[in-house]
Amino acid sequence: METFNFLLQQTSLKSTPQRLAILKIVEEAGHISIDDIYKKIKKGFPSISLATIYKNIHSLQKENILSEIKIQNQKSKFEIKKKPHSHFICNRCGEVIDIDIKYRCEIEELEKVGEVTEKEIYLYGICNRCKEMSKIVTTSTK
Ligand SMILES: [Zn+2]
Ligand SMILES: [Zn+2]
């Protein structure tokens, strides 16, 4: 909480209880959609509206505190901005996992065609947990 207070003080945003609550929810979840933030925050702030959450998320994003993960066929998720990293997204359970890929050579290759401004890679597949689960299902039905 203290660190979020500090983070907000570095920006033009006021440190409001709602903003702190949003940041805490995002931090705990890792990656979370606005709908899920809304569901969780309602417990502490029953009268908060979805529009307020959208507005807050938007300004936190503009101040570089949150970053958006745009996912194919899913609503965007948000996370606390940290050092650049890539994401693995499970097509089955929707889990978003942080990954650190060394892609320096590929970036050099890309720079031949233009300036790279965002070094984020999205990978889609089946996470290990889902892979394990499908194994259990197929062996138990035999
Ligand atoms: Zn999965
Ligand atoms: Zn991430």
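Just so it is clear, none of the values below were taken in a lab; they were calculated from the coordinates. Predicted, not measured: the structure shown is a model, and the values here were computed from it. Cβ placement follows ideal geometry from the backbone for every residue including glycine, while neighbour counts extend to all protein chains displayed.
Ratio to report: Rg/Rh of region 59-142, with Cα atoms as the point set and Rh obtained by the Kirkwood method; give two decimals. Before the final figure, lay out each step's value.
Details: Rg = 16.7 Å, Rh = 15.2 Å.
Taking Rg over the Kirkwood Rh, I get 1.10.
Add +1 for every Lys or Arg and -1 for every Asp or Glu among the other residues with Cβ under 14 Å from the Cβ of Ile126, and state the total. Provide the component values of the computation, followed by the final result.
Working: positive: Arg92, Arg129, Lys131, Lys135; negative: Glu95, Glu132.
For residues surrounding Ile126, the net value is +2.
Of all GluC sites (Glu not before Pro) in region 50-142, which ones are in loop regions per DSSP and have a Cβ with at most 10 other Cβ atoms within 10 Å?
Hits after loop and neighbour filter: Glu115, Glu118.
Tell me, in nm to one decimal, what length is gained between Lys82 and Phe45 on full extension, where the rule is 0.36 nm per residue of separation less the Cα-Cα distance?
Values: separation 37, 0.36 × 37 = 13.32 nm, distance 2.72 nm.
Full extension of this stretch gives 10.6 nm more.
Straight distance only, please: which lysines reach the Cα of Lys77 with their own Cα at less than 19 Å, same-chain residues fewer than 8 apart left out?
Of all the lysines, those that pass the test against Lys77 - Cα under 19 Å, at least 8 places apart if same chain - are Lys24, Lys39, Lys40, Lys42, Lys55, Lys62, Lys119.
If you take the C-alpha gyration tensor of region 4-51, multiply each eigenvalue by 5 and take the square root, what semi-axes do you get, largest first, in whole Å?
On the way: eigenvalues 71, 34, 15 Å².
After scaling each eigenvalue by five and taking roots: 19, 13, 9 Å.
Can you give the FRET efficiency for Cys130 and Thr3, using 1/(1 + (r/R0)^6), R0 = 22 Å, r = Cβ-Cβ distance, to the nearest 0.05?
In this case the efficiency is close to 0.10.
Can you figure out the FRET efficiency of Ser67 with Leu110, using R₀ = 22 Å and their beta-carbon distance, to the nearest 0.05?
Working: r = 21 Å, r/R0 = 0.94.
With R0 = 22 Å, the Cβ-Cβ based efficiency is 0.60.
Tell me, what is the FRET efficiency for Thr16 and Glu120 to the nearest 0.05, using R0 = 22 angstrom and their Cβ-Cβ distance as r?
On the way: r = 29 Å, r/R0 = 1.33.
For Thr16 and Glu120, the calculated efficiency is 0.15.
Taking the Cβ of Ser59 as the center, what net charge do the other residues with Cβ under 11 Å away carry, scoring Lys and Arg +1 and Asp and Glu -1? Provide the component values of the computation, followed by the final result.
Details: positive: Lys14, Arg19, Lys55, Lys62; negative: Glu63.
For residues surrounding Ser59, the net value is +3.
Compute log10 of I(q)/I(0) for the chain with the Debye formula, placing one identical point scatterer on every Cα and leaving out solvent, at q = 0.09, 0.21, 0.22 Å⁻¹, to two decimals.
Here log10 of I(q) over I(0) equals -0.37, -1.25, -1.31.
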